[in-house]
1. Note down all Cβ pairs under 7 Å where the first residue falls in region 77-90 and is farther than 16 Å from residue 34 by Cβ, the second is surrounded by 15 or more Cβ atoms within 10 Å (Cβ to Cβ) and acidic (Asp, Glu), and they're at least six residues apart or on different chains.
2. Given (1) of a type in the set (A, V, I, L, M, F, W, C); (2) touching an Asp or Glu at 6+ places or on another chain (Cβ under 6 Å); (3) assigned to a helix (DSSP H, G or I), where does residue 204 come up short, assuming only one miss?
3. Show the residue pairs that are 6+ apart or on different chains and have beta-carbon atoms under 7 Å apart, the first residue being within region 303-322 and on the phi < 0 side of the Ramachandran plot, the second being of a type in the set (Asp, Glu) and away from the ligand (no atom under 13 Å from the Cβ).
4. Does region 1-36 hold any residues that are over 30 Å from residue 157 (Cα atoms), hydrophobic (A, V, I, L, M, F, W, C) and outside any loop (DSSP other than H, G, I, E, B), and which are they?
5. Would you please name the residue that is farthest from residue 148 (Cα to Cα), looking only at residues in region 221-245 that are within 13 Å of the ligand (Cβ to nearest atom) and open to solvent by 50 Å² or more (accessible area, probe 1.4 Å)?
6. So, in region 184-209, how many residues would count as being open to solvent by 30 Å² or more (accessible area, probe 1.4 Å) and within 11 Å of the ligand (Cβ to nearest atom)?
7. Could you list, in sequence order, all residues of region 152-181 that are touching a residue at least 60 places away in the same chain (Cβ under 8 Å) and surrounded by fewer than 20 Cβ atoms within 10 Å (Cβ to Cβ)?
8. Where residues in region 309-331 are more than 13 Å from the ligand (Cβ to nearest atom) and open to solvent by 10 Å² or more (accessible area, probe 1.4 Å), which of them is nearest to residue 164 (Cα to Cα)?
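The values are calculated or read from the model by the stated rules, or taken from the named source; none is laboratory data. All values reported here derive from a predicted model rather than from experimental measurement. Virtual Cβ from ideal backbone geometry, glycine too; neighbours counted across all protein chains shown. Just the protein is used for accessible areas: all its heavy atoms, side chains included, with ligands, DNA and RNA removed. Shrake-Rupley method; radii C 1.70, N 1.55, O 1.52, S 1.80 Å.
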Amino acid sequence: MTDGREIQLASRPTGWPTPETFSLVEVRVPDPGPGQVLVRNVLMSVDPYMRGRMNDVKSYVPPFQVGAPLDGGAIGEVVTSRADGLRPGDMVLHGLGWRDYAVLDAASARRVDPDLAPLSTYLGVLGMTGLTAYAGLLDVAAFRPGETVFVSAAAGAVGNLVGQIAKLKGAARVVGSAGSAAKVRRLEEVGFDAAFDYHDGAVAGSLRAAAPDGIDVYFDNVGGDHLEAALGVLRTHGRVAVCGMISQYNSTEPPAAPRNLALLIGKRLTVRGFLVSDHGHLRDQFVGEMAGWLREGRIRYDETVVDGLENAPEAFLGLLRGENLGKMLVRLG
Ligand code: NDP
């Protein structure tokens with residue numbers, strides 16, 4: 001047995017979660033059984049979808065249970081192995097974050113090589129985050145060179161990559177929205193053609209000014225007024241990849257927007273939701289292309305790293321409040 005700590009769901013939030021939503025609990029971690037490994041986590045991801053898992057509703061991932069640990073993407077070092085193919089010292093990507101130590105079936109862990117890329121990138125730009133941006137833009141929205149793209153939450157992990165991939169793939173114009181002047185400056189630095197702070201007036205007006213000739217693709221991370229504004233400026237046969245609707249994750253009321261869905265008809269728009277988990281077939285192609293862009297310095301990525309498992313709840317709450325630039329991570333140990 002190993003002494004460890006884990007973050008449990010203390011209670012289900014209504015509206016915004018608070019520090020009291022979580023509890024840090026000391027636990028005894030069992031030794032690994034046959035085919036299993038004991039892993040000491042070194043990094044974990046906090047992600048917006050985890051908010052949905054705090055609700056007791058049927059969804060595409062099961063809800064977290066009150067009094068049980070949260071889980072999610074993490075990277076850890078194998079401490080003890082009873083599995084072929086994994087040895088102590090190996091670094092693995094797996095799904096049991098929110099704890100110091102995890103016992104895993106070796107089949108549910110994927111070895112990652114810290115000599116090939118920084119460990120954090122396997123959770124971010126080269127991991128689920130990057131694939132979400134790549135698959136959503138190129139496959140779901142069927143982006144084509146010469147088109148104009150708008151992406152919301154554009155200074156976040158997924159959104160920032162969407163904009164940069166669109167530019168690398170020949171976008172005529174890329175517009176991003178974000179929640180502060182500093183984030184807007186960052187978007188301009190990494191190559192967005194125009195960016196605006198969505199607090200500076202109605203999104204519809206800001207978007208019209210940033211994309212006066214309209215847009216072909218909207219990559220939606222936010223929903224609500226952002227989606228309504230995008231529908232307003234989409235050109236005929238435009239496409240929307242609905243990736244997330246973070247403006248609604250803590251809402252207790254139904255959204256007030258979009259109010260203009262009838263535009264779908266006259267403009268013959270395609271609005272398509274997607275889950276990155278349905279796009280695993282693109283992983284090798286994505287990793288090959290993204291690794292090349294990173295080697296050549298053609299993609300820049302930001303990370304916001306919070307230290308300590310005990311601060312993971314605060315990292316998650318900070319993500320929902322927009323305190324992150326790029327991928328929000330927690331360093332453990
Ligand atoms: P981000 O790094 O983008 O972090 C979330 C950001 O959302 C914050 O930094 C904040 O930035 C912004 N935000 C929070 N509240 C609001 C609001 N009310 N209005 C506008 N912006 C807001 O997270 P990810 O890149 O991990 O995720 C981005 C989106 O993609 C999320 O909606 C998520 O659920 C979704 N997602 C979907 C996947 C799928 O398979 N469909 C997979 C992965 C992510 P700001 O300061 O700009 O407000």
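1. 89/77
2. Failing condition for residue 204: (2).
3. Once the first residue is on the phi < 0 side of the Ramachandran plot and sits in region 303-322, its partners that are of a type in the set (Asp, Glu) and away from the ligand (no atom under 13 Å from the Cβ) give 306/314; 309/100.
4. Scanning region 1-36 gives 27, 29.
5. The qualifying residue farthest from residue 148 (Cα to Cα) is 245.
6. 3
7. 168, 179, 180, listed by residue number.
8. The residue in question is 331.
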